[in-house]
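The structure under discussion appears below in the form of structure tokens.
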Amino acid sequence: DVKVTQSSRYLVKRTGEKVFLECVQDMDHENMFWYRQDPGLGLRLIYFSYDVKMKEKGDIPEGYSVSREKKERFSLILESASTNQTSMYLCASSSGIPPLGYTFGSGTRLTVV
Amino acid sequence: GQNIDQPTEMTATEGAIVQINCTYQTSGFNGLFWYQQHAGEAPTFLSYNVLDGLEEKGRFSSFLSRSKGYSYLLLKELQMKDSASYLCAVYQGGKLIFGQGTELSVKP
């Protein structure tokens with residue numbers, strides 16, 4: 001089974017802090033994604049990457065950046081955390097070949113105070 | 001623009017059948033996925049439709065009409081463990097674009 005591991009299950013950070021969310025997958029997938037999930041809004045795509053050192057903006061990239069230095073690792077960075085970034089963050093990876101779709105990590109619940 | 005609509009909440013009775021609808025208007029379409037997500041857990045894959053028609057997999061079936069921009073997920077013989085969120089997502093250029101999800105509550 002593909003495993004997508006997110007480094008933290010729960011995080012509490014202060015406004016203005018720089019926050020790193022880490023995601024690692026073990027199935028040699030090219031594609032990796034970061035979503036945030038909020039009640040009533042569903043999953044919204046923040047950034048994605050189809051290859052090492054490659055990144056593309058999703059629908060809501062403002063306030064975020066990403067890093068993909070190795071194929072298995074995709075990091076989401078909040079440059080200066082704000083309270084409106086309090087959310088559940090989900091990482092996913094895929095081979096890009098349906099119907100397998102995505103495999104998701106268990107999520108990181110981030111609270112910014 | 002991109003628009004994917006699902007009902008926010010549904011309630012059904014154990015043993016019954018429930019249909020969760022999803023309509024979409026997107027700039028591209030390479031298939032439609034349904035995921036199940038229990039509270040506090042990651043979404044898990046249920047079904048994928050790329051051609052029109054019905055795909056059946058045990059108690060779950062999914063239907064697609066590309067001309068109507070419409071899909072539904074049909075759950076039969078409902079069990080309490082089916083209480084979860086059901087996410088409709090359009091596959092487009094290697095990305096998944098999600099609707100807001102439907103929270104299904106199964107009552108005894």
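Where strands (runs of 3 or more DSSP E) fall wholly inside the range B:1-52, the ranges with 2 or more residues that are surrounded by 18 or more Cβ atoms within 10 Å (Cβ to Cβ) are B:18-25, B:32-37, B:44-49. When the test is whether a residue is touching an Asp or Glu at 6+ places or on another chain (Cβ under 8 Å), exposed (fewer than 15 other Cβ atoms within 10 Å of the Cβ) and more than 15 Å from B:PRO43 (Cα to Cα), A:SER65 passes it.
Note on the range B:61-108: residues that are touching a residue at least 24 places away in the same chain (Cβ under 8 Å) and part of a strand (DSSP E or B) amount to 26. Against the numbered list (1) away from every other protein chain (no Cβ under 14 Å); (2) over 15 Å from the mean Cα position of the chain (by Cα), A:GLY96 comes up short only at (1). Go through the residues of the range B:55-67 one by one and say whether even a single one is within 21 Å of A:SER94 (Cα to Cα), of a type outside the set (Asp, Glu) and exposed (fewer than 14 other Cβ atoms within 10 Å of the Cβ). The answer is no, given that none of the residues of the range B:55-67 is within 21 Å of A:SER94 (Cα to Cα), of a type outside the set (Asp, Glu) and exposed (fewer than 14 other Cβ atoms within 10 Å of the Cβ). For the range A:9-60, taking the residues that are touching a helix residue (DSSP H, G or I) at 6+ places or on another chain (Cβ under 9 Å) and under 12 Å from A:LEU76 (Cβ atoms), the one that is nearest to the other protein chains (Cβ to nearest Cβ) is identified as A:ARG36. Residues in the range B:41-100 that are among the aromatic types (Phe, Trp, Tyr) and within 12 Å of chain A (Cβ to nearest Cβ) were compared, and the one that is nearest to A:ASP59 (Cα to Cα) is B:PHE98.
Readers should treat all values here as calculations from the given coordinates under stated rules, not as data from a laboratory. Just so you know, these numbers come straight off a predicted model, no measurement behind them. Neighbour counts are summed over all protein chains in view; Cβ atoms, including those assigned to glycine, are modelled from backbone coordinates with ideal geometry.
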